[in-house]
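Structure first, commentary second.
The values are calculated or read from the model by the stated rules, or taken from the named source; none is laboratory data. Remember, it's a predicted structure, so these values are computed and weren't measured experimentally. Positions of Cβ are generated from backbone atoms using ideal geometry, with glycine treated the same way; all protein chains shown enter the neighbour counts.
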Amino acid sequence: MDFHQFKEEVIAYSKEIGIDKIGFASADVFGELKSRLKRQEELQYQSGFEKGSVEERTEPVRLLPGAQSIISIALAYPSKMHNAPKSKKGDRRGIFCRASWGQDYHDVLRDRLQRLGAFLQEKFPEVELKSMVDTGELSDRAVAERAGIGFSGKNCAVITPEFGSYVYLGELVTNIPFVPDEPVDDSCGDCNICVDACPTGALIQGGQLNAQRCIAFLTQTKDFLPDEFRTKIGNRLYGCDTCQTVCPKNRKIDFHHHEEFEPDPEVVKPKLTPLLSISNRQFKEKFGFISGSWRGKKPIQRNAILALAHYRDETAVGELIRLMKDDPRPVIRGTAAWGLGKIGKPECFQAIEEAREHEQDEQVLFEMEKGVRFQQQ
């Protein structure tokens, strides 16, 4: 087979099925990445969501023994929401990050990769494939960088010349010996805007992320949020876009190529107070199709409480008192107590004192004590 010609056919087909950008990389070991990952482990910068060992994440042949090349794909997503509802006093709203707008991107990219794989199978019956989107062992960013999709910016995102960093990535490991593409030159230069703008200092230096401090990671945790981050989260319910929105490479970038990624404003910028009483079934019906729902409603509700505290929303006091007294989940009870203290109305402190008399969970009692301390500030 003429693999040069075959590559052109694959590129042409990728455009037919709505892939915005495609690149080809060798399946060689990702040596530099391996060193970085080992350093991440030493510094305990990992999120804990990573899949596989360092070797599996950097040696494609461990995932597909006959691997010879990797096809990387990118789909652009919107950076702006049309008809976005306003968050106003007495009717506050939270926000899901742009990567959680529209249909879960894992499903959309898997569809494109499946169709691309079927095309390869039809043309080359001996093909062997392994596809991945985000949750696989390989680093989507490292593959995309090697395949010439874009360069890895100081904000730890792949920045493409055409779509900025507003792209979803996926890859196909294959035994087909495609000619690799050339990487794109890093053009961050001396710009350090994203590092300086990171709300928690999670970007330690250009291209290195301490996931334990990253708001995008913290919004997905299920335990009590550490105190130092509670005032940093703002109204974020899931994810964080700061390091992307401040990037000069993303200026005036806004692509609406895929209907699946168009956001429903009432879903991705929902009212906060109704989230506090939403049932599991209601949560699944309203939010189940977006990627930001994957950890369930508990982290979203905890973040909603923190957002209401951030706004000092007095209209939410009654609902927060109900949660503090009656919710079976300690994290929600305790966070509600802290939030009430932050709002700081006399009835808030009175309710905390009353609830303390019946609370038995040590962590919740600790949060109640912190809530009461706001009275002295």
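Key figures
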{"quantity": "Every residue from region 1-36 that is of a type in the set (Val, Ile, Thr) and free of Cβ contacts under 8 Å to residues at least 24 places away in the same chain", "calculated": "Ile11"}
{"quantity": "Test: residue in region 280-287 that is acidic (Asp, Glu), in the same structural domain as Arg236 (by TED's automatic domain parsing) and within 27 Å of the chain's Cα centre (by Cα)", "calculated": "yes"}
{"quantity": "Count of region 100-139 residues which are under 25 Å from Arg236 (Cα atoms) and either at pLDDT below 95 or out of contact with any Gly (no Cβ under 6 Å at 6 or more places or on another chain) (or both)", "calculated": "11"}
{"quantity": "Ala74 being touching a strand residue (DSSP E or B) at 6+ places or on another chain (Cβ under 6 Å), part of a loop (DSSP other than H, G, I, E, B) and more than 24 Å from Ala307 (Cβ to Cβ)", "calculated": "no"}
{"quantity": "Search result, residues across region 228-257 that are among the hydroxyl-bearing types (Ser, Thr, Tyr) and more than 30 Å from Leu340 (Cβ to Cβ)", "calculated": "Thr245"}
{"quantity": "Given (1) farther than 28 Å from Tyr77 by Cα; (2) under 24 Å from the mean Cα position of the chain (by Cα), index of the condition Asp20 fails", "calculated": "(1)"}
{"quantity": "Any hit, region 100-122, residues being in a loop (DSSP other than H, G, I, E, B) and in contact with a strand residue (DSSP E or B) (Cβ under 8 Å, 6 or more places away or on another chain)", "calculated": "no"}
{"quantity": "Options Glu367, Glu353, Glu359: the member that is assigned to a helix (DSSP H, G or I), more than 33 Å from the chain's Cα centre (by Cα) and either surrounded by 20 or more Cβ atoms within 10 Å (Cβ to Cβ) or assigned by TED's automatic domain parsing to the domain that holds Asn280 (or both)", "calculated": "Glu353"}
{"quantity": "Hits in region 278-310 (condition: over 19 Å from Arg322 (Cα atoms) and assigned to a loop (DSSP other than H, G, I, E, B))", "calculated": "Gly288, Phe289, Ile290, Trp294, Arg295, Gly296"}
{"quantity": "Residues located in region 63-73, provided they are touching a helix residue (DSSP H, G or I) at 6+ places or on another chain (Cβ under 8 Å) and either free of Cβ contacts under 8 Å to residues at least 60 places away in the same chain or closer than 10 Å to Tyr166 by Cβ (or both)", "calculated": "none"}
{"quantity": "Some residue of region 268-279 being at pLDDT below 95 and closer than 30 Å to Gly18 by Cα", "calculated": "no"}
{"quantity": "Residues within region 156-184 that are within 24 Å of Gly102 (Cβ to Cβ) and either part of a strand (DSSP E or B) or not assigned by TED's automatic domain parsing to the domain that holds Glu8 (or both), tallied", "calculated": "10"}
{"quantity": "The one condition in (1) modelled with pLDDT of 95 or more; (2) under 20 Å from the mean Cα position of the chain (by Cα); (3) not acidic (Asp, Glu) that Ala147 fails to fulfil", "calculated": "(2)"}
{"quantity": "Residues (closer than 13 Å to Gly371 by Cβ and in a helix (DSSP H, G or I)) located in region 326-345", "calculated": "Arg333, Gly334, Thr335, Ala336, Ala337, Trp338, Gly339, Leu340, Gly341, Lys342, Ile343"}
{"quantity": "In region 185-209, the residues that are in a strand (DSSP E or B) and surrounded by 14 or more Cβ atoms within 10 Å (Cβ to Cβ)", "calculated": "Leu203, Ile204, Gln208, Leu209"}
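Results for (1) at negative phi; (2) of a type in the set (Gly, Ala, Ser); (3) touching a Leu at 6+ places or on another chain (Cβ under 7 Å), shown as yes or no for each residue.
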position	(1), (2), (3)
Ser87	yes, yes, no
Arg93	yes, no, yes
Arg115	yes, no, no
Phe119	yes, no, no
Glu122	yes, no, no
Glu128	yes, no, yes
Asp134	no, no, no
